[in-house]
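This report refers to the structure that appears directly beneath it.
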Amino acid sequence: MQRPRFELPEALVMEILSKLPVKSFTRFNCVCKYWCPSFQTPHFISNNYHNNLENNNLNLLLSRCDGNTFQPYFSQLSTEKDQNYIVKQNIHLPFFKNDIPSLYGACHGLMCLLDPSKDKAAIWNPSTREFKILPPSSIQRPPYFSPFEETYLTLDDVAFDHAAFGFDSKTDDYKVIRFVSLTFVNSEEEHPHPHSMYQVELYSLRSNSWKEIPSPEYAPTYTALGNIYVNGICYWKIEIGAYLDFRGLILSFDMGNEKFLILPIPEFVGSFPEYYVDLLVFNGSLGAIVYPSERIDTSFDLWVTSEGVWTKQFNIKSISGVVRPLGFGKNGDLFVRDTNNEVLLFDASTQELKELEINTYLDHIWAVITLHAYFESLVHINGVQEVEKHVIRQPTRDASNEY
């Protein structure tokens, strides 16, 4: 006797499928062509991303530089329970060969790769393995007149830095903002004194082009913890004044109205120059991790702001041998770098410092060691699938069966 056939409603099927990891959809595309268009709808993509957020399906990339070849690469760390953040695979970037790109993001699972020394950038979805090379800027560089030397100077160097990547919900557009530092010299002098200025450029994925926007009064300083983007707004730390009047401020940029604002860092968060204040994203909010500049036995305070009010979340007291924080993993675990340039994990629940088998002490450039967290997404960027001239993935022996 033939059993009756039961069919689930299509809406229910899509709701179930939206809870699966992104890598599953590549397999389904091969099994059921009928489902392919459904996976590409904004509603399904949004559901899948928010399910990953709710379930805290965090992914971690560690930016590194090979100690033998001096080439940059990323180590993807396992976030599975009891795997102690082992390296699942190493991701190399031939597109940026001989250069060390900065990584900005994540925003909806997307990241921006930017070469500070060249006009070379890309947007990348590491989950769907889609890669989009951005066009070079066509913005004209302004002349620079030196009143002291009474002549126009020659443009000697162009650098691209202090970028940020985010989403404009008003126009449904992803944008990249970067500061372009221009260095001018008097080419007729044997040892010319450099003069600097900067421009600000904004890229739109929707128009696939760059444009110049008005510059703020102050340019950002070095950003230790990567891209700081929260709910349509990007943040940088800026430092002004001399030693006795040295103070930090926050520069913000709204992706929607494309305007800059300068915000104060409250005195109780940390005073300069006795403390370092690094901005970061913590549980979807703007935060600041504060630690003493002397670094004998480093302690950390984490502050988080909500609607303009700063609140201390917790304090980690006296971690010996730690140089600086790298960022947070799952469940509030804090990644730090020690004096041997090794990555360690501070377990917030046990207040213990754990060694990880990542071996970053073998890396060439310690400043490159940065941590980047993202949630998987199916967002499309009108790019191409990864090819070996852009991205090469090398699974480790502990995770070779996963990729």
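All of the numbers you see were taken from the coordinates with simple rules; none came from a lab. Because the structure is a prediction, the values reported are computed rather than measured. As a convention, Cβ positions derive from the backbone with ideal geometry for all residues, glycine included, and neighbour counts pool all protein chains shown.
GNM, the chain, Cα, under 10 Å: largest mean-square fluctuation among ALA106, ALA373, ALA348?
Per the Cα network of the chain with a 10 Å cutoff, ALA348 tops the list.
Suppose R0 equals 60 Å. What FRET efficiency, 1/(1 + (r/R0)^6) with r the Cβ-Cβ distance, do LYS330 and GLU189 give to the nearest 0.05?
Computed FRET efficiency for LYS330 and GLU189 comes out at 0.60.
How much net charge surrounds THR151 when only the other residues with a Cβ under 14 Å from the Cβ of THR151 are counted, with Lys and Arg +1 and Asp and Glu -1?
-4
With the chain treated as a Gaussian network of Cα nodes joined by springs under 10 Å, which of PRO264, PRO216, PRO192 yields the largest mean-square fluctuation?
For the chain, modelled as a Gaussian network with Cα springs under 10 Å, the answer is PRO192.
Over the chain, what is the relative contact order in whole percent, taking alpha-carbon pairs under 8 Å and six or more residues apart?
It comes to 19 percent, rounded to a whole number.
Could you check the spin-label model distance between GLU10 and GLN313? Points 7 Å from the Cα along Cα→Cβ, value in nm.
Inter-label distance under the simple model: 4.2 nm.
Mind sorting TRP303, TRP124 by how few other Cβ atoms lie within 10 Å of their own Cβ, fewest first?
TRP303, TRP124
Taking 0.36 nm per residue of separation and subtracting the Cα-Cα distance, what length does fully extending ASN231 through GLN394 add?
Full extension of this stretch gives 55.3 nm more.
So, in Å, what gap is there between the alpha-carbon centers of the range 121-181 and the range 278-320?
With the range 121-181 and the range 278-320 each reduced to a Cα centre, they are spaced 30 Å.
What is the P(r) of the chain, as percent of Cα-Cα pairs per 20 Å bin from 0?
Taking all Cα pairs of the chain, the binned fractions are 24, 56, 18, 2, 0 percent.
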